[in-house]
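S.K.: My questions will all concern the structure given below.
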Amino acid sequence: MKIILIKQVKKLGNKGDIIDVATGYAINFLIPQKLAVLYNENIQKEFISKQKKQQTDKEKNIKNREKLAERINKKTFEFKVKADKKGTLYAGITKKDILTLLKKQNYTFQEKEIILEKTIKKTGGYNIKLKLGNKVAKIKIKIMAL
């Protein structure tokens with residue numbers, strides 16, 4: 001039975017592959033698990049057009065992220081947080097806190113795009129990297145005590 005794989009199946013094939021498998025395997029396992037669909041030319045054309053659209057959307061998203069990287073590169077943002085007299089923060093600054101600060105400044109990011117080795121626990125200036133598309137933007141964060 002000819003099928004088109006919707007997802008990669010180990011030892012069988014990659015997404016989009018058209019393969020012949022046993023009828024029982026296709027009907028009882030692959031199709032119910034939403035790993036494959038029955039092959040016909042209309043479904044193949046539809047599948048190919050979806051893949052092309054997803055690829056163009058992905059490329060467009062990468063270009064937008066790279067433009068954002070150019071806009072935000074070398075900008076400085078300020079945090080005002082509670083700290084003791086020595087400059088030690090009561091609550092450390094994490095990726096989520098940086099994400100919230102950037103959202104307040106109308107910059108939209110995902111947490112995984114922020115490169116932060118460890119939680120920030122002291123006042124001062126810090127350089128933070130943002131991986132956007134294929135580019136890395138560097139921003140500066142100033143942390144000041146209230």
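The values are calculated or read from the model by the stated rules, or taken from the named source; none is laboratory data. Not measured: the values here are computed from a predicted model. Note: ideal-geometry Cβ built from the backbone for every residue, glycine included; neighbour counts use all protein chains shown.
S.K.: Among the residues that make up region 50-70, is at least one of them out of contact with any Gly (no Cβ under 8 Å at 6 or more places or on another chain), free of Cβ contacts under 8 Å to residues at least 60 places away in the same chain and surrounded by 14 or more Cβ atoms within 10 Å (Cβ to Cβ)?
M.R.: Among the residues of region 50-70, not one is out of contact with any Gly (no Cβ under 8 Å at 6 or more places or on another chain), free of Cβ contacts under 8 Å to residues at least 60 places away in the same chain and surrounded by 14 or more Cβ atoms within 10 Å (Cβ to Cβ), which makes the answer no.
S.K.: On to the next question. Go through region 119-141 and give me each residue that's over 20 Å from the mean Cα position of the chain (by Cα), among the basic types (Lys, Arg) and farther than 19 Å from LYS82 by Cα.
M.R.: Of all residues in region 119-141, those over 20 Å from the mean Cα position of the chain (by Cα) come to 119-127, 140-141.
Filter once more, keeping what is among the basic types (Lys, Arg): 121-122, 140.
Matches in region 119-141: LYS140 only.
S.K.: Kindly establish whether LYS15 is among the basic types (Lys, Arg), surrounded by fewer than 17 Cβ atoms within 10 Å (Cβ to Cβ), out of contact with any strand residue (DSSP E or B) (no Cβ under 7 Å at 6 or more places or on another chain) and over 30 Å from ILE143 (Cα atoms).
M.R.: So LYS15 fails the test.
S.K.: Output the residues belonging to region 111-146 that are more than 18 Å from ASN73 (Cβ to Cβ) and either touching a strand residue (DSSP E or B) at 6+ places or on another chain (Cβ under 7 Å) or in a loop (DSSP other than H, G, I, E, B) (or both).
M.R.: GLU117, LYS118, THR119, ILE120, LYS121, LYS122, THR123, GLY124, ILE143, MET144, ALA145, LEU146, listed by residue number.
S.K.: So which strands (runs of 3 or more DSSP E) stay within region 1-72 end to end and still have 2 or more residues that are touching a Leu at 6+ places or on another chain (Cβ under 7 Å) and at pLDDT 90 or above? Spell out the reasoning first.
M.R.: Values: elements: 2-5, 18-20, 36-38.
In region 1-72, the matching strands (runs of 3 or more DSSP E) lie at 2-5.
S.K.: Cβ-Cβ under 6 Å, sequence separation 6+ or interchain: first residue in region 15-42 and touching a residue at least 12 places away in the same chain (Cβ under 8 Å) and of a type in the set (Ser, Thr, Tyr), partner surrounded by 13 or more Cβ atoms within 10 Å (Cβ to Cβ) and not in a strand (DSSP E or B). Which pairs?
M.R.: Once the first residue is touching a residue at least 12 places away in the same chain (Cβ under 8 Å) and of a type in the set (Ser, Thr, Tyr) and sits in region 15-42, its partners that are surrounded by 13 or more Cβ atoms within 10 Å (Cβ to Cβ) and not in a strand (DSSP E or B) give THR23/MET1.
S.K.: Take region 93-110 and flag every residue that is outside any helix (DSSP H, G or I) and surrounded by fewer than 17 Cβ atoms within 10 Å (Cβ to Cβ).
M.R.: THR94, GLN105, ASN106, TYR107, THR108, GLN110
S.K.: Specify which of the listed residues (LYS131, LYS140) is touching a Gly at 6+ places or on another chain (Cβ under 7 Å) and under 20 Å from ARG71 (Cα atoms).
M.R.: LYS140
S.K.: Which of the residues that make up region 40-76 are more than 16 Å from the chain's Cα centre (by Cα), acidic (Asp, Glu) and within 19 Å of LYS131 (Cβ to Cβ)?
M.R.: GLU70
S.K.: OK, next. Take the conditions in the same structural domain as ILE141 (by TED's automatic domain parsing), modelled with pLDDT of 90 or more and over 19 Å from LEU146 (Cβ atoms) and apply them to LYS86. Does it pass? Please lay out each step first, then the result.
M.R.: Numbers: in the same structural domain as ILE141 (by TED's automatic domain parsing): yes; modelled with pLDDT of 90 or more: yes; over 19 Å from LEU146 (Cβ atoms): no.
The answer is no for LYS86.
One line per residue, one yes/no per condition, for (1) under 30 Å from GLY16 (Cβ atoms); (2) in contact (Cβ under 8 Å) with a residue 60 or more places away in the chain:
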| position | (1), (2) |
| --- | --- |
| GLN44 | yes, no |
| ASN73 | no, yes |
| TYR107 | no, no |
| LYS112 | yes, no |
| LYS131 | yes, no |
